[in-house]
1. For region 1-12, how many residues are farther than 13 Å from Met30 by Cα and not in a loop (DSSP other than H, G, I, E, B)?
2. Name the residue that is modelled with the highest pLDDT, counting only residues in region 86-116 that are basic (Lys, Arg) and open to solvent by 40 Å² or more (accessible area, probe 1.4 Å).
3. I'd like the full set of residues that are open to solvent by 80 Å² or more (accessible area, probe 1.4 Å), of a type outside the set (Asp, Glu) and assigned to a helix (DSSP H, G or I), limited to region 135-150.
4. Please work out if Glu77 is over 25 Å from Pro228 (Cβ atoms) and modelled with pLDDT under 95.
5. Can we say Leu163 is over 20 Å from the mean Cα position of the chain (by Cα), open to solvent by less than 20 Å² (accessible area, probe 1.4 Å) and free of Cβ contacts under 8 Å to residues at least 60 places away in the same chain?
6. Go through region 199-209 residue by residue and tally those that are under 26 Å from Lys144 (Cβ atoms) and either open to solvent by 10 Å² or more (accessible area, probe 1.4 Å) or in contact (Cβ under 8 Å) with a residue 40 or more places away in the chain (or both).
7. Which of the helices (runs of 4 or more DSSP H) found entirely inside region 32-100 contain at least 3 residues meeting this: over 28 Å from Ala129 (Cβ atoms) and out of contact with any strand residue (DSSP E or B) (no Cβ under 8 Å at 6 or more places or on another chain)?
Amino acid sequence: AEARAGRTQEAIKIAKQIQTQRPAMGVGHMLEGDAWMAQKDYAKAVRAFDAGFKAQASSGVALKLHAALERAGNSLEADSRLEQWLKDSPADFPARLYLADAYMQRGQDELAVTHYQLILQSNARSVPALNNLAWLYHKQRRPKALEMAELAYKAAPDNPEILDTLGWILLEQGNVKRAAPLLERALSLAPNAVAIRYHHAVALAKSGDKAKARAEIESLLASGKKFPEEQQARQFLQRL
């Protein structure tokens, strides 16, 4: 409550009292780390979470430590510590998914692929792993991309990210007839998702409505919102 109210020092004081009262538990250190994270003092958050992990290792504190290290500018150590945790706790699938997502967001695709594959070996129906692996396989032009996307879609047909992944793969493979309604549905479910708006615009163009596609991409680029395919969008606009 003190931390939420912005009274960081009061929150830390209480957290340190808990550390004294329960030295064998990591909760006091975690609460201190949370308070420092709220203040964006990531170096102090790292020290607190590290102490909490040493006192009582758990998935929760391992993930908090990773986030603090990454925001403190030490992604290598963050990944190394979480990789070690996963070696010691290989069945911690939420932590593995978190790390795979982190690798994917940073463009470390092969590392992300490895962890998504490990998840699917034990949980073949993991929708996030199926969807993200489909996207990465498509980037790498691996033939199983569409199969993965279809499996994710079968499991979660109303998820806009999954609709977008399947629709985009189909569109790039030339199946405009099936891709266009999937991307239309994705956009209706997530109208503010920039990447989905771009993919839908490409589907419009390939369906023959180039004027509407041009207007949509121009509006998207003028908004100033960043998305991974921004350069491709500019190039596509020039070809319309």
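1. Kept after step one, since they are farther than 13 Å from Met30 by Cα, are these residues of region 1-12: 1-2, 4-10.
Still in the running and not in a loop (DSSP other than H, G, I, E, B): 8-10.
Residues in region 1-12 being farther than 13 Å from Met30 by Cα and not in a loop (DSSP other than H, G, I, E, B): 3 in total.
2. Let us first name the residues in region 86-116 that are basic (Lys, Arg), namely 87, 96, 106.
Restricting the remaining residues to those that are open to solvent by 40 Å² or more (accessible area, probe 1.4 Å) gives 87, 106.
On the way: Lys87: 97, Arg106: 94.
Out of the qualifying residues, it is Lys87.
3. If the condition is that a residue be open to solvent by 80 Å² or more (accessible area, probe 1.4 Å), of a type outside the set (Asp, Glu) and assigned to a helix (DSSP H, G or I), then Lys139 is the only one that fits.
4. no
5. Details: over 20 Å from the mean Cα position of the chain (by Cα): no; open to solvent by less than 20 Å² (accessible area, probe 1.4 Å): yes; free of Cβ contacts under 8 Å to residues at least 60 places away in the same chain: yes.
Against the criterion (over 20 Å from the mean Cα position of the chain (by Cα), open to solvent by less than 20 Å² (accessible area, probe 1.4 Å) and free of Cβ contacts under 8 Å to residues at least 60 places away in the same chain), Leu163 does not qualify.
6. First, the residues of region 199-209 that are under 26 Å from Lys144 (Cβ atoms): 199-200, 202-203, 206.
Okay, now just the ones that are also either open to solvent by 10 Å² or more (accessible area, probe 1.4 Å) or in contact (Cβ under 8 Å) with a residue 40 or more places away in the chain (or both), so 200, 206.
Summing the residues that are under 26 Å from Lys144 (Cβ atoms) and either open to solvent by 10 Å² or more (accessible area, probe 1.4 Å) or in contact (Cβ under 8 Å) with a residue 40 or more places away in the chain (or both) in region 199-209 gives 2.
7. Values: elements: 42-55, 59-71, 75-88.
Passing ranges, in order: 42-55.
Matching residues to (1) at pLDDT below 95; (2) of a type outside the set (A, V, I, L, M, F, W, C):
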| site | (1), (2) |
| --- | --- |
| Arg197 | no, yes |
| Lys206 | no, yes |
| Lys212 | no, yes |
| Ala222 | yes, no |
| Gln232 | yes, yes |
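The values are calculated or read from the model by the stated rules, or taken from the named source; none is laboratory data. Model, not experiment: these values are computed from the prediction. Glycine gets a Cβ as well: all are built from the backbone with ideal geometry, and neighbour counts include every protein chain shown. These area figures cover heavy atoms from the full protein model, side chains too; ligands, DNA and RNA do not enter into them. Shrake-Rupley method; radii C 1.70, N 1.55, O 1.52, S 1.80 Å.
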